[in-house]
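A quick write-up on the structure given underneath.
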Amino acid sequence: MAMNVEGKTAIVTGAGPGINFCFARLPLSKGCNVVIADLALRPEARALVSQYLTSSAAKAVFQETDNFAGADIVCPGAGVYEPVNFWVPPRTFPSKDKLFKSRYSILDINITHPIRVTQMAIGHFLARKKPGVVVHVSSVADQIPFFPTPMYVASKHALSGFVRSLSRLENPPSHLLQIRVNAVAPARILTPLWTDHPDKMQMVGKDNPGWIMPEDVAAVMLDLVQEEEHVGGTIIEVGERVRKVEAFNDPGPGVGGNEVQRDDSIEADMWASMERQYNGI
C-alpha cells in the first residue's frame, strides 16, 4: 500500500531537531501538510513552520499536544539517548527517575510513547475509513548489545519487535483498510542528540568520522511511506549502506558497514559508578 504524500497530512512527534525535523521538511516539499508535535522548537524548526504557515501548497503547524485531525501519516519520532541512565539509579543524582515509581523516563519516551501514538493512529485511520501509514525511528541498537546503555538498547529492541508484530495490518481481512507500520534503523546520525552532549560524543570515540546525515534518514523514511516494496513490518537500516533488516538470520549491522565504532574506555565510567555504589559513596 504505497502512499503518495501530496495532499495528505502527517503528524511528526519530536520534530524539533535532527532526523524528525528533516523528515517533516521532506513531505512538506512534496505538498504534504505537517503537524510538528514537540515540547519546543529549535530555531530551524521554527523557521520551517513560518515558511509554510501561509503556503498554498502545504501547511506546517506546531502543536504541543496530540492532534490527529485528518492525519494520513504519523511519525512517533520523539526519542532520547541517555548513556548513563541505568548506571545512575533513581535514588542518586542526576537520575530523572523516582525510586518508588515503577517506570523509567527513557522507556516512557522511547517505547511507551511510540506504542501509544501508534494505537491512537490506528484507531484514527479505522474511524476515518481511510488507509494510513506509521513510520517509527528505531536504531542499529535494535540488533546488538551494548553494556553502557542497556535501557536504550532494550527500548530499540522492543520498538523493532513491535513494528514487526504489526506487519499483518497491511494485509487485513477484506472489510478493513490497509495500515502500514514500518521503521527506519539509523546508525550514528549527525544531530544535536549527539553533538550537543560531550558525554554522548565520548561513546563513539574522538577520531571517528563516518557520520550519516539526518536528510539521508528522512529520505528513507519517505520511501517507507511511498514505495510499494516496503510492506508493513519492514525495518530499513541506514548507515554507510542502506539495507533491509531481516527478522530471522540477519547478519547484523556489520555486514553493511553500519556498526557504530565505540570508545571502549567509556566502560570505565560504568564500573566506577558501580564501585561507588558498592562502597556506599
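Say the dipole of the range 46-167 comes from +1 at the beta carbon of Lys and Arg and -1 at that of Asp and Glu; which of 86, 62, 118 then lies farthest toward its positive end? After comparing all options, I get 118.
Add +1 for every Lys or Arg and -1 for every Asp or Glu among the other residues with Cβ under 12 Å from the Cβ of residue 53, and state the total.
Values: positive: 46, 59; negative: none.
Combined, the nearby Lys, Arg, Asp and Glu give +2.
Packing order of peptides 105-111, 133-139, highest average first: 133-139, 105-111 (average count of other Cβ atoms within 10 Å over each peptide's residues). The alpha-carbon of residue 8 sits under 30 angstrom from the alpha-carbons of these lysines, leaving out residues fewer than 8 places away in its chain: 30, 59, 129, 130, 156, 244.
Read the figures in this text as sums done on the coordinates, not as results from a lab. What you see is a predicted model, and the numbers here were worked out from it, not measured in a lab. Methodologically, a virtual Cβ is constructed for each residue, glycine included, from the backbone with ideal geometry; neighbour enumeration extends over all protein chains shown.
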